[in-house]
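Q: I have a structure here, written as structure tokens, and I will follow up with some questions on it.
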Amino acid sequence: MIVAEQKPLEDIIRMVRPYKKVLLLGCGTCTTVCNAGGETEVAFLHDALRMAEARAGDGRREYSEATLKRQCDPEFLEHLTERVEGVDAVVSLACGTGVQALAERFADLPVFPGVNTSFIGMAVEWGVWDERCAACGDCRLEDTGGICPITRCTKGILNGPCAGPKKGHCEVSPDMECAWILIYRRLERLGQLERMRRYYPPRNFRPISRPRRIVGKAGLEARGSHGDVTA
Amino acid sequence: MARYREACESGKFVVSGEIGPPKGTDVREMVHHIDLLKDLVDGLNVTDNQSAVLRLGSMAVSHEIVTRGGDAIYQVTCRDRNRLAIQNDLLSAHFLGIRNVLALTGDHVSVGDHKDAKEVYDFESVQLIQAVKKMNEGFDWAGNELQGSTDFYIGAVVTPESDPIEPQKLKFEKKVEAGAQFFQTQAVYDMDNFQRFMEYARGVTEGQDVKMMAGLVVLTSVGMAKYMNKFVPGVFVPDDLLEEMASVPKEEALHKGMEICARHIRFCMDNNVCDGVHIMAIGKEEIVPDILRMAGLI
């Protein structure tokens, strides 16, 4: 999933300062799961903004709350049409895609990001998420024992460890395991070390010249007007 | 011009030193070090933004060494340049008379002094070795024919004290296969372990003309040795050397470190452990001639 973290409160206060009616909009998918932008975080943010404004003697603003199932999907944005009537600005707690989807759908409405979108990752323990996928468009996990060197090696090396690891940890941080030592151990366990002996050419960056688009082969007709850009 | 390569190919025991370009434009000390060492060693490495700290460029300094009559080993890292820029630099270096390249992945920007910079790593060391080899064969990375090929002697690094060593060995084998013609090791202090590593390395390079140089970093104090054990990846100073460094008063520690370095040079030479040494004095290049004298090399 996409992992995000809430922006500092002072940044959000600065963004909403010129506006009177502000909608705080959560997202029910990724940012809900990573505790950055779901219904609960919308409510917390609402309280935090009110408290900060009360302390600053600035109580002119009127906030409303809503959370959509997904902000990155035009179908769900339609539910907002009435909610944004009379609203001066929206703070979106979705990932960057959600913020942009809103901006595209509501051309006259200022939309601000309430979170910093961080990475594609997973929870490794309660409240801790680690990056696992760089969305590079050229997956090589079959050769690396299911451990991604592009994401987890800080240099994205494809041919084995650099001279940096110290006791199995990365030169960048002693908290970070060397991806290539993990890969080595896993391939050894799987009896597939020959994969590590292979030479891997540099990444092909053509699939990721930005922005990327995927046109799905199935369901084009069934999905009607949204069918031209589907996955 | 190709003095380093000729020395390597002649079968003699090769000695190289290292020049760290300054952070700024005042090159007086660096030029003094170049002049001091250029005729005493077979080649001088020039570091490329060493430890990800911004410095004067390795190509310019390598060129200066060649101009002054020495031979340069031009270090190239993959951290700061993409494949277009690296190949462009290689052609430029060749134009400037530089003939030895040491291919490195390069320390991450986050350990240096521009921590917010974007790291590149479009190539990494194995791929860079291949790229240089391709240019030597007359082609760029994309397969286009070059109007005149390069003639680089291709070097790489290996870390005999890596822990664990097995993944590092696989990487070493890939570098040999990719076309590395000489290797400089990360600093080694445990000569028994180095000898064992060299037996393995000789097995890998058997039948190929690959030269192996022991990397020797001069110990300057017992504190420095302990610091390296704790913080520098792939470096291990054994207890007997720590004790030896601690056995002398502080002001004699550097001299002790020089003695140890000279002893290790002799050990490698007399026992035919490797093909040469690469001496890194890290800012104390003044002492290198004395070390060479102590080792009986000059």
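The values are calculated or read from the model by the stated rules, or taken from the named source; none is laboratory data. Because the structure is predicted, anything quoted here is derived from the model rather than measured. Ideal geometry is used to build each Cβ from the backbone, glycine not excepted, and the neighbour counts take in all protein chains shown.
Q: Give the residue, chosen from A:GLU10, A:GLU85, A:GLU75, that is part of a loop (DSSP other than H, G, I, E, B) and more than 18 Å from the chain's Cα centre (by Cα). Explain how you work it out, then say what you get.
A: Numbers: A:GLU10 fails: part of a loop (DSSP other than H, G, I, E, B); A:GLU75 fails: part of a loop (DSSP other than H, G, I, E, B).
A:GLU85 is the lone residue from the list that is part of a loop (DSSP other than H, G, I, E, B) and more than 18 Å from the chain's Cα centre (by Cα).
Q: Only one of A:GLY156, A:GLY145 is within 14 Å of chain B (Cβ to nearest Cβ) and farther than 30 Å from A:CYS27 by Cβ; which?
A: Values: A:GLY156 fails: farther than 30 Å from A:CYS27 by Cβ.
Just a single option satisfies the conditions, and that option is A:GLY145.
Q: Also, quick follow-up: Given the criterion in a loop (DSSP other than H, G, I, E, B), away from every other protein chain (no Cβ under 14 Å), surrounded by fewer than 22 Cβ atoms within 10 Å (Cβ to Cβ) and not charged (D, E, K, R), identify the matching residue among B:GLY143, B:GLY148. Steps first, please.
A: Working: B:GLY143 fails: away from every other protein chain (no Cβ under 14 Å).
Of the residues listed, the single one that is in a loop (DSSP other than H, G, I, E, B), away from every other protein chain (no Cβ under 14 Å), surrounded by fewer than 22 Cβ atoms within 10 Å (Cβ to Cβ) and not charged (D, E, K, R) is B:GLY148.
Q: Let me ask something additional. Within the bounds of the range B:25-43, is there any residue that is among the hydroxyl-bearing types (Ser, Thr, Tyr) and surrounded by 16 or more Cβ atoms within 10 Å (Cβ to Cβ)?
A: Initial filter on the range B:25-43 (among the hydroxyl-bearing types (Ser, Thr, Tyr)): B:25.
Checking the rest, the ones that are also surrounded by 16 or more Cβ atoms within 10 Å (Cβ to Cβ) come to none.
Looking for residues that are among the hydroxyl-bearing types (Ser, Thr, Tyr) and surrounded by 16 or more Cβ atoms within 10 Å (Cβ to Cβ), one finds none in the range B:25-43, hence no.
Q: Could you tell me which residue of the range A:114-155 is nearest to A:ALA179 (Cα to Cα), considering only residues that are within 12 Å of the chain's Cα centre (by Cα) and among the polar types (S, T, N, Q)?
A: Result: A:SER118.
Q: Let me ask another. For B:GLU137, all conditions in the list (1) buried (at least 19 other Cβ atoms within 10 Å of the Cβ); (2) closer than 16 Å to B:VAL101 by Cα; (3) of a type in the set (Asp, Glu) hold save one; what is the number of the exception?
A: Only one criterion in (1) buried (at least 19 other Cβ atoms within 10 Å of the Cβ); (2) closer than 16 Å to B:VAL101 by Cα; (3) of a type in the set (Asp, Glu) is unmet by B:GLU137, namely (1).
Q: Need pairs with beta-carbon distance below 8 Å; first residue in contact (Cβ under 8 Å) with a residue 12 or more places away in the chain and within the range B:272-288, second part of a strand (DSSP E or B) and aromatic (Phe, Trp, Tyr); sequence gap 6+ or separate chains.
A: Taking only residues 6 or more apart or on different chains, the pairs are B:ASP275/B:PHE182.
Q: Given the criterion small (Gly, Ala, Ser), more than 27 Å from A:VAL172 (Cα to Cα) and out of contact with any His (no Cβ under 7 Å at 6 or more places or on another chain), identify the matching residue among B:ALA85, B:ALA72, B:ALA103. Walk me through it before giving the result.
A: On the way: B:ALA85 fails: more than 27 Å from A:VAL172 (Cα to Cα); B:ALA103 fails: more than 27 Å from A:VAL172 (Cα to Cα).
On inspection, the qualifying residue turns out to be B:ALA72.
Q: Another question about this same structure. Those residues that are farther than 9 Å from B:THR150 by Cβ and not acidic (Asp, Glu), I need them from the range B:123-137; list them, please.
A: B:PHE123, B:SER125, B:VAL126, B:GLN127, B:LEU128, B:ILE129, B:GLN130, B:ALA131, B:LYS133, B:LYS134
Q: Also, I was wondering about something else. Pick from the range B:93-128 the residues that are at the interface with another protein chain (Cβ under 10 Å from one of its Cβ atoms), part of a helix (DSSP H, G or I) and touching a strand residue (DSSP E or B) at 6+ places or on another chain (Cβ under 8 Å): which of them is surrounded by the most Cβ atoms within 10 Å (Cβ to Cβ)?
A: Among those residues, the one meeting the criterion is B:LEU128.
Q: Is it true that some residue in the range B:162-175 is within 11 Å of chain A (Cβ to nearest Cβ), over 22 Å from B:ILE65 (Cα atoms), of a type in the set (S, T, N, Q) and surrounded by fewer than 19 Cβ atoms within 10 Å (Cβ to Cβ)?
A: We begin by selecting, within the range B:162-175, every residue within 11 Å of chain A (Cβ to nearest Cβ); these are B:162-175.
Retained after the next criterion (residues that are over 22 Å from B:ILE65 (Cα atoms)): B:162-175.
Add one more test, that the residue is of a type in the set (S, T, N, Q), and what stays is B:162, B:168.
So of that shortlist, the ones also surrounded by fewer than 19 Cβ atoms within 10 Å (Cβ to Cβ) come out as none.
No; the residues of the range B:162-175 include none that is within 11 Å of chain A (Cβ to nearest Cβ), over 22 Å from B:ILE65 (Cα atoms), of a type in the set (S, T, N, Q) and surrounded by fewer than 19 Cβ atoms within 10 Å (Cβ to Cβ).
Q: Sort out which residues of the range A:123-146 are under 17 Å from A:ASN204 (Cβ atoms) and among the charged types (D, E, K, R), and write them in order of number.
A: Matches in the range A:123-146: A:ASP138, A:ARG140, A:GLU142, A:ASP143.
Q: Taking the condition more than 9 Å from chain A (Cβ to nearest Cβ), assigned to a loop (DSSP other than H, G, I, E, B) and either within 29 Å of A:ALA179 (Cβ to Cβ) or in contact (Cβ under 8 Å) with a residue 60 or more places away in the chain (or both), does B:THR185 pass?
A: Numbers: more than 9 Å from chain A (Cβ to nearest Cβ): yes; assigned to a loop (DSSP other than H, G, I, E, B): no; either within 29 Å of A:ALA179 (Cβ to Cβ) or in contact (Cβ under 8 Å) with a residue 60 or more places away in the chain (or both): yes.
So B:THR185 fails the test.
Q: Here is a follow-up. Across the range B:73-92, which residue is surrounded by the fewest Cβ atoms within 10 Å (Cβ to Cβ) among those that are within 13 Å of another protein chain (Cβ to nearest Cβ) and either of a type in the set (A, V, I, L, M) or under 12 Å from B:SER58 (Cα atoms) (or both)?
A: B:LEU84
Q: When only residues in the range A:159-196 that are touching a Leu at 6+ places or on another chain (Cβ under 6 Å) and assigned to a loop (DSSP other than H, G, I, E, B) count, which is nearest to the other protein chains (Cβ to nearest Cβ)?
A: A:GLY160
Q: Further, regarding this structure: A:TYR199 - would you say it is in a helix (DSSP H, G or I), at the interface with chain B (Cβ under 8 Å from one of its Cβ atoms) and either modelled with pLDDT of 85 or more or more than 21 Å from B:GLY106 (Cβ to Cβ) (or both)?
A: On the way: in a helix (DSSP H, G or I): no; at the interface with chain B (Cβ under 8 Å from one of its Cβ atoms): yes; either modelled with pLDDT of 85 or more or more than 21 Å from B:GLY106 (Cβ to Cβ) (or both): yes.
Criteria not met by A:TYR199.
Q: Taking only pairs six or more apart or across chains, which ones have beta-carbon atoms under 6 Å, a first residue in the range B:231-244 that is closer than 13 Å to B:ASN193 by Cβ and within 11 Å of chain A (Cβ to nearest Cβ), and a second residue that is β-branched (Val, Ile, Thr) and outside any helix (DSSP H, G or I)?
A: Going by the 6 Å Cβ cut-off, the qualifying pairs are B:GLY234/B:THR159.
Conditions (1) at pLDDT below 95; (2) of a type in the set (Val, Ile, Thr), marked per residue:
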| site | (1), (2) |
| --- | --- |
| A:ARG55 | yes, no |
| A:ASP58 | yes, no |
| A:ARG61 | yes, no |
| A:PRO74 | yes, no |
| A:LEU109 | no, no |
| A:ASN116 | no, no |
| A:ILE120 | no, yes |
| A:CYS133 | no, no |
